[in-house]
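Okay, structure first, notes after.
The values are calculated or read from the model by the stated rules, or taken from the named source; none is laboratory data. Note that the coordinates shown come from a computational prediction; the quantities given were computed from them, not determined experimentally. Methodologically, a virtual Cβ is constructed for each residue, glycine included, from the backbone with ideal geometry; neighbour enumeration extends over all protein chains shown. Each accessible area value is taken on the protein alone, full model and side chains, heavy atoms only, with ligands, DNA and RNA left out. Shrake-Rupley method; radii C 1.70, N 1.55, O 1.52, S 1.80 Å.
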Amino acid sequence: MQNPTERAKRLWRRAARTLRALLPEAYRREAEAEIVRNLRALVEGAGVREIGVYAPLLGEVDLGALYRVWEEEGKTLFWPRVERPGAPLAYRPARRSELVPGAYGVWEPPPGPPAALPEVLLVPGLLFSRTGYRIGYGGGYYDRTLSAYSGRAIGVSFAALLFADVPRDPWDVPLREIVTERETLSFPRGANFC
C-alpha cells in the first residue's frame, strides 16, 4: 500500500512535468542564462575547484554553458552514475566528452572506482520548495546520496517550479541552497529537518 505522501508526490510530479513542458523556449533560454550567472557567482565566491554536476534530463535546467566555462578554467567536474538500484549515486571526475549513455538514458561517467564527493553538488529535480526540499523522479538516488553528504548541496530550478512547500517523507534530505533565475535561497544546516 502506498503511503499518502507518496500519492501526493506522484500528483506533484505529474503537475510539474506538465508545467515544465509548458515553459516557453524563450523563457527557458533566458532563465538558464540567469541561473548560470547566479551559480557561477556563488561557486566563484566560495573558491570551489571541484563540483558535482548533472547531465540534464528533458526539461531540467541545462547548465552546459557553465560546464564548458568551468572545464576551461580547470575546475574538475564530478558526474553521478547509477551503479545499482537502491544505492547512492557514485560520483566520478570526467570531462563532458568522456560521458557515456547510462541508466535511465542519462549521460554518466564511464565505470570505475567512485571518487570522494566534492565540496559542492548541484542537484536537479522536478520541483523545489522554499523550505529547501525537492521532489525528483521517485528513485531516491539523490536522497540516499545526500543523506551521507556533509558538503554544500545546491538545488537548481526554474523559478516557475519553486513552491512554498512540497510533500516530503522523513528520509527526504533538504538542500543547503536553491538557485533559480530570480534568487538564491539559503537554508541553515539542519533547519529544515522534521
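Close Cβ contacts (under 9 Å, 6 or more residues apart or on different chains) running from residues in the stretch 1-22 that are under 14 Å from G125 (Cα atoms) to residues that are part of a helix (DSSP H, G or I) comprise A16/L161; L19/A160; L19/L161; R20/A160; R20/L161.
Suppose we filter the stretch 124-153 for residues that are touching a residue at least 60 places away in the same chain (Cβ under 8 Å) and either within 14 Å of D169 (Cβ to Cβ) or β-branched (V, I, T) (or both); how many remain? Residues that pass the stated criteria total 4. Only residues that are open to solvent by 90 Å² or more (accessible area, probe 1.4 Å) and either more than 27 Å from R13 (Cα to Cα) or of a type in the set (S, T, Y) (or both) were counted across the stretch 99-113, and they come to 3. Residues that are buried (at least 17 other Cβ atoms within 10 Å of the Cβ) and of a type in the set (K, R) within the stretch 14-39 comprise R20, R28, listed in sequence order. Right, P124: over 12 Å from the mean Cα position of the chain (by Cα), under 20 Å from A87 (Cβ atoms) and not aliphatic (A, V, I, L, M) or not? Answer is no for this residue.
Can you say whether L121 is open to solvent by less than 10 Å² (accessible area, probe 1.4 Å), in contact (Cβ under 8 Å) with a residue 60 or more places away in the chain and more than 22 Å from R29 (Cα to Cα), as far as the supplied structure shows? Spelling it out, L121 is indeed open to solvent by less than 10 Å² (accessible area, probe 1.4 Å), in contact (Cβ under 8 Å) with a residue 60 or more places away in the chain and more than 22 Å from R29 (Cα to Cα). Checking each residue in the stretch 28-58 for being farther than 11 Å from V179 by Cβ and free of Cβ contacts under 8 Å to residues at least 24 places away in the same chain picks out R29, E44, G45, G47, L58. Quick one: which residue in R176, R134, R152 is over 24 Å from R68 (Cβ atoms), of a type in the set (D, E, K, R), touching a helix residue (DSSP H, G or I) at 6+ places or on another chain (Cβ under 9 Å) and crowded, with 20+ Cβ neighbours inside 10 Å? Of R176, R134, R152, the one residue that is over 24 Å from R68 (Cβ atoms), of a type in the set (D, E, K, R), touching a helix residue (DSSP H, G or I) at 6+ places or on another chain (Cβ under 9 Å) and crowded, with 20+ Cβ neighbours inside 10 Å is R134.
When the residues of the stretch 137-149 are filtered to those that are aromatic (F, W, Y) and within 13 Å of the chain's Cα centre (by Cα), the one that is surrounded by the fewest Cβ atoms within 10 Å (Cβ to Cβ) is Y137.
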